[in-house]
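Structure record follows, encoded as structure tokens.
Quick note: the coordinates plus some simple rules give every number you see, no bench work behind them. This one's a predicted model, so the numbers in the text were calculated from it and none came from an experiment. No Cβ is skipped: glycine too gets one built from the backbone with ideal geometry, and neighbour counts run over all protein chains shown.
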Amino acid sequence: MTSQKIAIMGAMPEEIEPIIDKLDNVGTTVYGNNKYYEGSYHGQEVVVAYSKIGKVFATLTATTLIEKFGCDMLLFSGVAGAISNELSIGDLIIADGLCQHDLDITAFGHPFGYVPEGEVCISTDVGLRNIAKDIAKSKGLTLKEGVIATGDQFVANEERKNWIGTTFKADALEMEGASVAVVCNALNVPFFILRAISDSADMDASFNFDEFLESSAKISADFILSMVDAL
Ligand SMILES: Nc1ncnc2c(CN3C[C@H](CCSCCOCCO)[C@@H](O)C3)c[nH]c12
């Protein structure tokens with residue numbers, strides 16, 4: 001048990017509902033066009049919110065969780081599209097680094113995903129990743145660790161998916177993680193992101209996403225709650 005206040009964030013309602021359902025003493029605060037659920041899980045103080053889709057909404061929510069609610073660490077739970085062919089629907093991936101695949105000032109000779117005073121790949125907290133690995137081992141779960149690519153587009157195209165995979169050596173993709181990583185790094189708050197695969201970012205992505213969003217989101221949410229118990 002930690003005395004610290006834990007932020008748990010997702011992008012869509014389905015990604016945090018399995019978490020909110022398990023909280024005690026839940027109070028809600030509406031702020032900045034968003035709703036924040038304050039409560040406890042097994043005695044651990046948490047604040048839970050979904051940002052809405054995309055990097056801008058995610059940036060607002062991550063910043064609010066830290067600056068207004070005073071959270072000391074941030075755990076992201078949600079679903080992702082697979083790039084690596086080692087990842088199937090329902091599989092778990094944690095990011096050791098995240099990049100923005102749609103950030104592009106290559107016209108000035110910079111690499112994709114880079115802007116001055118920024119970095120292409122933003123790191124996550126190694127201590128939290130190690131806790132996740134210990135949990136996975138104790139539960140006999142497979143947990144992939146790799147780069148997650150973030151961009152403001154739902155990728156449903158093999159060519160775009162493969163370009164992202166090759167360009168950033170990314171294993172999965174989504175639409176919020178890298179922006180949350182930038183916020184947490186800038187505000188010196190440990191950040192951890194776990195995603196369960198909902199689709200393979202190919203021509204079937206939208207159908208698979210609709211079918212597996214809820215079940216994959218719950219897989220991720222259940223694991224995140226195990227993380228809270230271990231902190
Ligand atoms: N292939 C893919 N490309 C990019 N991201 C993802 C993710 C991760 N999340 C899911 C969600 C997709 C929002 S579009 C569907 C919204 O429907 C709303 C109802 O119409 C967004 O928050 C990013 C899973 N598969 C992906």
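So for the range 1-87, what percent of the C-alpha to C-alpha distances run longer than 16 Å? Please list the in-between numbers first.
Numbers: 1912 of 3741 pairs.
Cα-Cα pairs of the range 1-87 separated by over 16 Å account for 51 percent.
Amide H contacts of residue 26 (H built 1.01 Å from N, in plane; Pro and chain starts excluded): no residue 5 or more places away or on another chain comes under 5 Å.
What angle, in degrees between 0 and 90 and rounded to the nearest 10, separates the Cα long axis of helix 205-230 from the longest principal axis of the Cα atoms of the chain? So the helix axis and the longest Cα principal axis differ by about 50 degrees. Under 5 Å from the amide H of residue 152 lie the amide H atoms of 102, each residue being 5 or more positions distant or on a separate chain, with H modelled from the backbone and absent for Pro and chain starts.
Computed 3J(HN,Hα) for the range 171-177, one whole-Hz value per residue from the Karplus formula 6.51 cos²θ - 1.76 cosθ + 1.60 where θ = phi - 60°, is 9, 8, 9, 7, 10, 9, x, glycine and proline marked x. Annotation: amide H-H contacts under 5 Å for residue 80 (H modelled 1.01 Å from N, sequence separation of 5 or more, or interchain): 196, 197, 198, 199.
Suppose we keep just the DSSP beta bridges with both residues in the range 1-67; what percent of those would be antiparallel, to 5?
Details: 11 of 16 bridges.
Given both bridge residues lie in the range 1-67, the antiparallel proportion sits at roughly 70 percent.
Loop-located chymotrypsin sites (Phe, Trp or Tyr not before Pro) in the range 131-231 (DSSP state other than H, G, I, E, B) with a sparse environment of at most 10 neighbouring Cβ atoms within 10 Å are absent. With the cut-off at 1.5 for a/c, could you classify the chain from its C-alpha gyration tensor as rounded, prolate or oblate? Prolate is the answer for the chain, as a/c is 1.5 or above and a/b outweighs b/c. Given an 8 Å cut-off on Cα distances and at least 6 residues of separation, report the relative contact order of the chain as a percent. For the chain, the relative contact order is 28 percent. Given +1 at the Cβ of Lys and Arg, -1 at the Cβ of Asp and Glu and no other charges, the dipole of the chain around its Cα centre is 460 debye to the nearest 20. Across the range 42-51, coupling constants 3J(HN,Hα) worked out from phi with the 6.51/-1.76/1.60 Karplus curve, θ = phi - 60°, read 6, x, 8, 5, 9, 10, 10, 7, 9, 7 Hz, and Gly and Pro carry x. Here the Karplus relation 6.51 cos²θ - 1.76 cosθ + 1.60, evaluated at θ = phi - 60°, turns the backbone of the range 76-88 into coupling constants of 9, 10, x, 10, 8, x, 7, 10, 4, 7, 7, 9, 10 Hz, with x for every Gly and Pro.
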